[in-house]
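A.B. asks: Structure in structure tokens, see below.
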Amino acid sequence: KTIGVQMQQWSFIGGVNQIWIIQDAEDGDGAFFIQSAASGRYLHIEDASKNEGALLIQWAFEGSPNQKFIFYKK
């Protein structure tokens with residue numbers, strides 16, 4: 001549950017540490033916050049980088065743009 005933990009992708013095995021809660025940012029821009037069910041921390045783009053390979057970490061909620069994600073229907 002440490003702030004700044006790096007994220008790794010694994011096949012789903014049903015653990016609570018693989019469950020994410022999607023929350024509407026409710027500010028009209030269509031963005032969402034993504035919260036870990038296990039740690040209570042939020043998915044956060046380190047340094048608000050928009051570059052490929054940007055580091056995704058778990059961080060305390062701050063509601064900043066580096067914690068907002070937009071989903072597009074494909």
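The values are calculated or read from the model by the stated rules, or taken from the named source; none is laboratory data. Computed from a prediction, not measured in an experiment: that's the story for all the values here. Please note: Cβ atoms are built from the backbone with ideal geometry, for glycine as well, and neighbour counts cover all protein chains shown. The accessibility values were calculated without ligands, DNA or RNA, using every heavy atom of the protein model including side chains. Shrake-Rupley method; radii C 1.70, N 1.55, O 1.52, S 1.80 Å.
A.B. asks: For Gln67, all conditions in the list (1) at pLDDT below 90; (2) surrounded by 10 or more Cβ atoms within 10 Å (Cβ to Cβ) hold save one; what is the number of the exception?
C.D. replies: (1)
A.B. asks: Pairs only if they're at least six apart or on different chains, beta carbon under 9 angstrom, first in the stretch 9-26 and open to solvent by 100 Å² or more (accessible area, probe 1.4 Å), second not basic (Lys, Arg); list them, first residue then second.
C.D. replies: Here the result reads Trp10/Gln18; Phe12/Gln18; Asn17/Ser36; Asn17/Ala37; Asn17/Ala38; Asn17/Ser39, each pair linking the stretch 9-26 to a residue that is not basic (Lys, Arg).
A.B. asks: Please determine, by comparing only the residues of the stretch 39-63 that are under 13 Å from Gly4 (Cβ atoms) and of a type in the set (Gly, Ala, Ser), which one is surrounded by the most Cβ atoms within 10 Å (Cβ to Cβ).
C.D. replies: This residue is Ser39.
A.B. asks: Collect the residues in the stretch 27-38 that are closer than 20 Å to Gly4 by Cβ and either within 12 Å of the chain's Cα centre (by Cα) or exposed (fewer than 12 other Cβ atoms within 10 Å of the Cβ) (or both), keeping them in residue-number order.
C.D. replies: Hits for the stretch 27-38 are Phe33, Ile34, Gln35, Ser36, Ala37.
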